[in-house]
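The values are calculated or read from the model by the stated rules, or taken from the named source; none is laboratory data. Everything numeric here is computed off the predicted structure, so don't read it as measured data. Cβ atoms come from the backbone with ideal geometry, glycine included; neighbour counts cover every protein chain shown.
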Amino acid sequence: MDFFELVQPLTDKLFRLAYSLIPDDLQAEQIVIDSLNVYLLKEKKSILASRDLETLSNKDIQLARRNHFKGILAYMAEIGVRRSTQLSDQLKRTRAQEFVAFFNLEPKVKLVIFLRYEFQFTVDEIVDITSMPRYEVIEKLHNGRFLLLNDMNDGVRP
Amino acid sequence: MMEKTQNTTTYISFQKKIVSYLDGSLSNDDKSEFEAFVRTHPEFEAQIKTKEDEISLLKSLIPVMTLSKESLESLKNEMKLSILNLLKEEPKSFMEKIKFSWEEWINR
C-alpha cells in the first residue's frame, strides 16, 4: 500500500467539507488539491519516514489514515475559510438554493459545525484541526446550532 | 426549604450541561459527574432525548454533497499526481537518478 492508496478513501469526505465552505464544485475540488499539496510539502519528511505501510496492521492503517485526514483538514480549514471569505461577494450572487441557512453562516461556524456534526470530531479534535482556542470552538458550535435551529423554526412559522 | 432550592439549582446546572455532554465538550470529570447524575435521575433521560432529537434535526440541515463517479475519479487522479510529484524522494546516486527518470518517463 502506498500513500495514495492510504488517503484516497478520504477523497469524498475532503470534498464534502470543501463544498460546505464553498458551494461550487470546481472551487471545492481546488481546495482539496491545494490542501493536499500544502500538507505534502509541509509534512513530506514525516510522510516519507513512515512510508513502510506494508508492515502495518489494519488497525494501524486506520489510525494512520485518520491522522493524515486530520492533517489535511488542518490545512483545508485554513485555506477554505480564507478563500470562502475572499469569495463571499461572488458566493452571494451564486448562492445555493438548498441549505440556505447553513451556507449563510460565517465560514468558521460552518467549519466547526461540519467537523462536529458531520465528521463527529470531538471538541478537542476540532481545537487541534482548526487551531482555534477551545472557548472559540464551543462558542461557534453554540452560535451555529442556535442560528440553524432558529432559522428552521422561523421558516415553519406562518 | 434550603435543600429543595439546592436540588433545583443542581438540576438546572445539569440541565445546562446536556448539550455540552452531547457535544463532547465536557471535561472527563464533568462527564463522569453528569453520567452519575443521570443514573440517579432517570427522568432526566427524556430531556437528553429531546436534545438528541434536536441534534438529529440539526444534522439534516447540513449539506452532504457527493461528487459524481466521474468527478470523483478525476479528483482522485489529480490527488495521485500531486502525491507522485510532491512525495518524490531525491535520488541519492547516479543510478537512482537514471532509475527515477526512467520511471517518470514510463508513468507519463
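Here are a few things to note about the model shown:
Rundown of residues vs (1) more than 25 Å from A:Lys45 (Cβ to Cβ); (2) within 14 Å of chain A (Cβ to nearest Cβ); (3) surrounded by 10 or more Cβ atoms within 10 Å (Cβ to Cβ), yes/no style:
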{"residue": "B:Asn7", "(1), (2), (3)": "yes, no, yes"}
{"residue": "B:Val19", "(1), (2), (3)": "yes, yes, yes"}
{"residue": "B:Thr40", "(1), (2), (3)": "yes, no, no"}
{"residue": "B:Glu52", "(1), (2), (3)": "yes, yes, yes"}
{"residue": "B:Leu57", "(1), (2), (3)": "yes, yes, yes"}
{"residue": "B:Pro63", "(1), (2), (3)": "yes, yes, yes"}
{"residue": "B:Leu75", "(1), (2), (3)": "yes, yes, yes"}
{"residue": "B:Lys88", "(1), (2), (3)": "no, yes, yes"}
{"residue": "B:Trp105", "(1), (2), (3)": "yes, no, no"}
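- Complete set of residues in the range A:108-126 that are surrounded by fewer than 20 Cβ atoms within 10 Å (Cβ to Cβ) and either outside any loop (DSSP other than H, G, I, E, B) or more than 8 Å from chain B (Cβ to nearest Cβ) (or both): A:Glu118, A:Phe119, A:Gln120, A:Val123, A:Asp124, A:Glu125
- Of the residues examined, A:Leu148 is not one that is within 11 Å of another protein chain (Cβ to nearest Cβ), over 14 Å from the mean Cα position of the chain (by Cα), surrounded by 14 or more Cβ atoms within 10 Å (Cβ to Cβ) and outside any helix (DSSP H, G or I).
- Filter result (at pLDDT 95 or above and of a type outside the set (Asp, Glu)) within the range A:120-136: A:Ile126, A:Val127, A:Ile129, A:Thr130, A:Ser131, A:Met132, A:Pro133
- Among the residues examined, A:Leu105 qualifies as surrounded by 18 or more Cβ atoms within 10 Å (Cβ to Cβ), over 14 Å from the mean Cα position of the chain (by Cα), modelled with pLDDT under 95 and within 14 Å of chain B (Cβ to nearest Cβ).
- Here the range B:15-34 is the region considered, the condition is being among the aliphatic types (A, V, I, L, M) and assigned to a helix (DSSP H, G or I), and the residue that is farthest from the chain's Cα centre (by Cα) is B:Ile18.
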